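Notes for the one structure printed next.
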Amino acid sequence: MTTFVLVPGFWLGAWAWQDVTDALRTAGHEAHPLTLTGVADRADLATPEVGLDTHTADIVRHLEDADLRDVVLVGHSGGGMPVTQAADRIPERISRVVYVDSGALPDGTAQFDTYPPEEQRRLRTLIGDGHLLPPPDWNPADDPESLAGLDGSALRLLRERATPHPLRAATDPVRLTGGRPVPTTLIACTFPVPVVEQLIAEGHPFFATMAGAHLVGLPTGHWPMLSEPRALADALTRL
């Protein structure tokens, strides 16, 4: 039996992992899907002060309070940043970090830094003086690669349940203390594995620190817990 802790990306809560959680538990594993502070059913806790360190503390607190050890810590998309920091803070409790269509940003880099300048300007205009990052429209016509594989039911679920995300989770830089390295896996969905290998070699910010990571291909869109939950659960159980 393996203990999995599942951290969602931006705008999503523990609900997004439901099918993956069910599959993992049916296979005999222990699965803990998390909702981070200020999102989904914890949206009422969103304040301007909620940021990357808050979400890192959410993960660390859960592992410590439940006394979880030998954990496979899974981070999807923007969830990769607090997962990276949590693994740096308490490596003794974590056997492996799995990035699902995500990557381990280098020390001092924020998610926002990786966006093209025009996208940063668009988001800043959209957010204004607020402290929340609004979810996308979930329109496949506008974003066919990211939303590939999602049927009408999954898209409706995203439109109904996605909530704005604390902005500082995207603008706070990753800060690492130099903790013991933890084995790492990347489950690549929107990029084929050969492309990821090339990006690692080129030092792309999302993948620069992942040389030597175990790479797994799962061809689908950016939301595999909804488009291919069974395949994602199978990929996790094979680790």
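The values are calculated or read from the model by the stated rules, or taken from the named source; none is laboratory data. Predicted model, so just to flag it, every value in this text is computed and none were measured. So basically every Cβ, Gly included, is an ideal-geometry build from the backbone, and we count neighbours across all protein chains shown.
Observations
- Members of the stretch 58-102 that are more than 19 Å from Gly178 (Cβ to Cβ) and within 13 Å of the chain's Cα centre (by Cα): Val74, Gly75, His76, Ser77, Gly78, Gly79, Val98, Tyr99, Val100, Asp101, Ser102
- All conditions in (1) surrounded by fewer than 24 Cβ atoms within 10 Å (Cβ to Cβ); (2) modelled with pLDDT of 95 or more hold for Met1, with the sole exception of (2).
- Entry remark, the stretch 186-214: residues being free of Cβ contacts under 8 Å to residues at least 24 places away in the same chain, surrounded by fewer than 15 Cβ atoms within 10 Å (Cβ to Cβ) and not in a loop (DSSP other than H, G, I, E, B) number 5 in total.
- Residues satisfying the stated conditions in the stretch 66-83, i.e. out of contact with any Lys or Arg (no Cβ under 7 Å at 6 or more places or on another chain) and under 15 Å from Phe4 (Cα atoms): Ala66, Asp67, Asp70, Leu73, Val74, Gly75, His76, Gly79, Gly80, Val83
- The stretch 150-185 - residue that is surrounded by fewer than 16 Cβ atoms within 10 Å (Cβ to Cβ), among the small types (Gly, Ala, Ser) and part of a loop (DSSP other than H, G, I, E, B) and, of those, modelled with the highest pLDDT: Gly178
- Tally of residues being crowded, with 18+ Cβ neighbours inside 10 Å and part of a strand (DSSP E or B) across the stretch 18-31: 1
- Candidates are the residues of the stretch 190-234 that are more than 30 Å from Thr26 (Cα to Cα) and β-branched (Val, Ile, Thr); the one that is modelled with the lowest pLDDT is Thr209.
- The helices (runs of 4 or more DSSP H) falling completely within the stretch 42-131 that include 3 or more residues that are touching a residue at least 60 places away in the same chain (Cβ under 8 Å) and buried (at least 17 other Cβ atoms within 10 Å of the Cβ) map to 52-65, 80-89.
- Of note, Leu226 does not satisfy the criterion of being in a strand (DSSP E or B) and either out of contact with any Ser or Thr (no Cβ under 8 Å at 6 or more places or on another chain) or surrounded by 15 or more Cβ atoms within 10 Å (Cβ to Cβ) (or both).
- Taking the listed residues Ala211, Ala233, Ala148, the one that is farther than 25 Å from Arg89 by Cβ and either out of contact with any Leu (no Cβ under 9 Å at 6 or more places or on another chain) or hydroxyl-bearing (Ser, Thr, Tyr) (or both) is Ala148, with no other qualifying.
- Taken as a whole, the structure places Leu45 among residues that are modelled with pLDDT of 95 or more and farther than 19 Å from Val174 by Cβ.
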